[in-house]
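Trainee: Okay, here's the structure, questions in a sec.
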Amino acid sequence: MFLDYLPLLYSATLLTLGLAVSSLVVGLVLSMLFVVLEASKFSYIRKPSSLIITLLRGLPEIIVVLLIYFGSTEIVEKLTGQYVEFSAFWCGVVALAIIFASYASQSLRGAIQAIPLGQWESAAALGLSRPRAFIRIILPQVWRHALPGLSNQWLVLLKDTALVSLIGVHELMRQSELINTVTHQPFTWYGTAALLYLAITLVSQFFIRKLELRVTRFERGIK
């Protein structure tokens with residue numbers, strides 16, 4: 001009986017990975033946007049952005065997921081008068097990406113502040129514009145400083161994918177729950193799900209260490 005359900009768990013594991021990777025990509029883009037907004041020289045942009053990001057970090061993650069899934073449908077219905085049901089998967093991606101970005105933006109912001117001011121001054125002396133200096137000189141150094149914080153957030157994001165099971169996405173946790181309702185073997189299936197999450201986390205940590213080592217060698221000029 002156990003082998004009969006393995007294909008379902010395999011598909012659910014792939015869906016979980018797809019959900020996590022998609023959320024990571026969108027979340028990185030949003031986190032950079034959050035950093036730009038919080039660093040704006042205009043107070044009417046900077047202060048509301050900081051307030052919104054602080055609120056996002058203060059809300060339970062499950063509330064953000066539910067608000068995105070059910071709230072988006074309600075807002076569209078009020079604006080257009082038509083009921084539109086959005087994809088639970090992509091609502092989950094957006095919700096997890098927002099959660100990830102609200103924390104990752106602080107890692108990126110701290111990494112930018114860790115770059116010596118002389119780097120900016122040297123770029124200006126070379127005639128580089130501020131945006132070009134940021135992309136070509138500052139940004140590569142930012143990722144080096146931000147990598148430990150972003151790595152931790154990725155591991156948290158992997159576990160947060162279980163939250164979207166509440167909006168009907170058949171990821172690993174949801175599939176384990178459905179199998180359990182048929183077999184009535186909670187320890188077996190939730191334990192299997194836990195082992196799969198652990199395996200994904202261990203593999204992620206392995207590649208994170210490889211990436212950190214590569215960045216360190218690059219920093220030291222070792223080919």
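Trainee: Looking at the structure I just gave you, is GLN153 more than 28 Å from ALA194 (Cα to Cα) and either open to solvent by 40 Å² or more (accessible area, probe 1.4 Å) or part of a helix (DSSP H, G or I) (or both)?
Mentor: No: the conditions fail for GLN153.
Trainee: Quick one: is THR80 open to solvent by less than 40 Å² (accessible area, probe 1.4 Å), among the polar types (S, T, N, Q) and either out of contact with any Gly (no Cβ under 7 Å at 6 or more places or on another chain) or over 21 Å from GLY18 (Cα atoms) (or both)?
Mentor: Criteria not met by THR80.
Trainee: Now a separate question. Hey, among the residues in region 101-145 that are among the polar types (S, T, N, Q) and open to solvent by less than 50 Å² (accessible area, probe 1.4 Å), which one's farthest from ALA39 (Cα to Cα)?
Mentor: Only one residue fits best here, namely GLN141.
Trainee: If you don't mind, another one. Within region 33-54, count every residue that is among the aliphatic types (A, V, I, L, M), open to solvent by 70 Å² or more (accessible area, probe 1.4 Å) and farther than 30 Å from ILE200 by Cβ.
Mentor: 4
Trainee: Kindly indicate whether any position in region 134-142 is at pLDDT 90 or above, under 29 Å from ARG214 (Cα atoms) and among the β-branched types (Val, Ile, Thr).
Mentor: No, the conditions are met nowhere in region 134-142.
Trainee: Would you tally the residues in region 167-190 being acidic (Asp, Glu) and within 18 Å of SER87 (Cα to Cα)?
Mentor: 1
Trainee: So for region 9-32 (the condition being open to solvent by 40 Å² or more (accessible area, probe 1.4 Å) and of a type outside the set (A, V, I, L, M)), does at least one residue qualify?
Mentor: Yes.
Trainee: Can you tell me which condition HIS170 does not meet? The list is (1) at pLDDT below 85; (2) open to solvent by 70 Å² or more (accessible area, probe 1.4 Å); (3) not in a helix (DSSP H, G or I), and all the others hold.
Mentor: (1)
The values are calculated or read from the model by the stated rules, or taken from the named source; none is laboratory data. The shown structure was predicted, so the numbers you read here are calculated from the model rather than taken from an experiment. Neighbour counts run over all protein chains shown; Cβ positions are idealised from the backbone, glycine included. Areas reflect the complete protein model, heavy atoms only, side chains present, ligands, DNA and RNA absent. Shrake-Rupley method; radii C 1.70, N 1.55, O 1.52, S 1.80 Å.
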